[in-house]
Amino acid sequence: MSRNAKIAAGATAAGLVLLIWLPWWVSLLIVLGVPAAYFALDPGQRRRLRQVSRKQLGR
């Protein structure tokens, strides 16, 4: 299973759990808000964020 497939499977599972525990509109805000916040960053900030996450993974 590729890395992107694992991320997609995890996000789907998290989304289903959120739908069960939270009202649907809160889940929708989270699902739409996280990618929107990431893409609101400028390219330099996104690059820095990716580098930090790689360092934490030990790459």
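Mind giving me the FRET efficiency for Ala40 and Thr12? R0 is 30 Å, r the Cβ-Cβ distance, nearest 0.05 is fine. It would help to have the intermediate numbers written out before the result.
Working: r = 24 Å, r/R0 = 0.79.
Step by step, r from the Cβ atoms, then E = 0.80.
By its C-alpha gyration tensor, with a ≥ b ≥ c as the square roots of the eigenvalues, how is the chain shaped: rounded for a/c under 1.5, else prolate for a/b larger than b/c, else oblate? Because a/c hits 1.5 or more and a/b fails to exceed b/c, the chain counts as oblate. Farthest towards the positive end of the charge dipole of the chain, among the residues Ile20, Ala40, Ser53, is the Cα of Ser53, using unit charges on the Cβ of Lys, Arg, Asp and Glu.
Excluding ligands, DNA and RNA, what is the solvent-accessible area per residue of the chain at a probe of 1.4 Å, expressed in Å²? Working shown, then result.
On the way: 5140 Å² over 59 residues.
Result: 87 Å² per residue.
Between 0 and 90 degrees, the angle of helix 43-57 with respect to the longest Cα principal axis of the chain falls at about 90 degrees.
Nonpolar atom fraction for the chain, defined as the carbon and sulfur part of the 1.4 Å probe accessible area, stands at 69 percent.
Seen against the Cα atoms of the chain and their longest principal axis, helix 3-21 is set at about 30 degrees.
The values are calculated or read from the model by the stated rules, or taken from the named source; none is laboratory data. Since this is a predicted model, take the numbers as computed values, not measurements. Neighbour counts are summed over all protein chains in view; Cβ atoms, including those assigned to glycine, are modelled from backbone coordinates with ideal geometry. Heads up: the accessible areas ignore ligands, DNA and RNA and are worked out on the full protein's heavy atoms, side chains in. Shrake-Rupley method; radii C 1.70, N 1.55, O 1.52, S 1.80 Å.
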